[in-house]
Amino acid sequence: MEQSHFPITNWSEDDRPREKLMLKGKSVLSDAELIAILIGSGCRNESAVDLSKRILKSVENLNALGKMTISQLTNFKGIGEAKAITIIAALELGRRRREEDAVELKKITSSKIAFEMMQPIIGELPHEEFWVLFLNNSNKVISKSQLSKGGIAGTIVDVRLIFKPALENGATGLILCHNHPSGNVMPSEADRQMTKKIKTAGENLDVKVLDHLIITESKYYSFADEGIL
């Protein structure tokens, strides 16, 4: 007999999140319930929801869960390779969706919008990367470019590599962005000196440095907002 032919009250506990989604919609489900739908079933003495809660309790947030490897996930009793792969694939789709949404944010009117554009790209990396957003006189993004990629200790930026594409693309402003894998958003003295050097070079070329963002997984530091640009 097909499952749809018997009452929802007869559904197994592992199927209840599906019932909830059908009746009330996806937004009312908890993170654990959504993951329970992905993995389908728990183990002998634990429901899918309880297993999902146990997994979530081991990490700080969903970003951290998205960084887990197959071997790390299969360390949880009840999670085999197939379930681990399903979790990883679902979270990667979520990350890509955020990246696509960020591309649609064409006009930069605040540091928050710049952060939302760049966080999916560099916010969760284990190493530092330095990027530049090139803007026209309406503060619309003409292009964005990675200038350097370095280790956790830092990244070196060549000022000439910033202003050559700026002039070629007719940019009148730019926003500097780099990530801190440590999670600490506060700028170092090297960050401050580099920003000052790039700003001075921009003034000589009539290309204004509008901001410098230091980005982490969930927060950012804006030189412009803090009044130190």
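Key figures for this structure:
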read-out: Residue that is surrounded by the fewest Cβ atoms within 10 Å (Cβ to Cβ) [pool: residues in region 207-219 that are farther than 19 Å from residue 149 by Cα and modelled with pLDDT of 90 or more]; value: 219
read-out: Which numbered condition residue 166 fails, given (1) more than 26 Å from residue 64 (Cα to Cα); (2) modelled with pLDDT under 95; (3) surrounded by 17 or more Cβ atoms within 10 Å (Cβ to Cβ); (4) out of contact with any Phe, Trp or Tyr (no Cβ under 8 Å at 6 or more places or on another chain); value: (4)
read-out: Residue match in region 25-33 (condition: within 14 Å of residue 87 (Cα to Cα), acidic (Asp, Glu) and crowded, with 17+ Cβ neighbours inside 10 Å); value: yes
read-out: Members of region 34-67 that are buried (at least 18 other Cβ atoms within 10 Å of the Cβ) and either within 24 Å of residue 120 (Cα to Cα) or touching a strand residue (DSSP E or B) at 6+ places or on another chain (Cβ under 8 Å) (or both); value: 35, 51, 55, 65
read-out: Some residue of region 116-125 being over 17 Å from residue 215 (Cβ atoms), touching a strand residue (DSSP E or B) at 6+ places or on another chain (Cβ under 6 Å) and assigned to a loop (DSSP other than H, G, I, E, B); value: no
read-out: Filter pass, residue 129 being at pLDDT below 90, assigned by TED's automatic domain parsing to the domain that holds residue 216, touching a helix residue (DSSP H, G or I) at 6+ places or on another chain (Cβ under 8 Å) and more than 15 Å from residue 207 (Cα to Cα); value: no
read-out: Where residue 100 falls short, out of the listed (1) part of a helix (DSSP H, G or I); (2) exposed (fewer than 14 other Cβ atoms within 10 Å of the Cβ); (3) at pLDDT 90 or above; value: (3)
read-out: Strands (runs of 3 or more DSSP E) contained entirely in region 136-225, each with at least 2 residues that are over 21 Å from residue 120 (Cβ atoms); value: 208-215
read-out: Subset of region 169-194 [under 24 Å from the mean Cα position of the chain (by Cα) and surrounded by 16 or more Cβ atoms within 10 Å (Cβ to Cβ)]; value: 174, 175, 176, 177, 178, 179, 180, 181, 185, 187, 191
read-out: Close pairs (9 angstrom Cβ cut-off, 6 or more residues apart or separate chains): in contact (Cβ under 8 Å) with a residue 60 or more places away in the chain and under 18 Å from residue 88 (Cβ atoms) in region 41-63, buried (at least 19 other Cβ atoms within 10 Å of the Cβ) and of a type outside the set (Ser, Thr, Tyr) anywhere; value: 63/123
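Yes or no, residue by residue, for (1) assigned to a helix (DSSP H, G or I); (2) in contact with a Leu (Cβ under 9 Å, 6 or more places away or on another chain):
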residue: 38; (1), (2): yes, no
residue: 50; (1), (2): yes, no
residue: 65; (1), (2): yes, yes
residue: 75; (1), (2): no, no
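The values are calculated or read from the model by the stated rules, or taken from the named source; none is laboratory data. Only a predicted model underlies this, so the values are computations on that prediction, with no experimental measurement involved. Cβ: placed from backbone, ideal geometry, glycine included. Neighbour counts: every protein chain shown.
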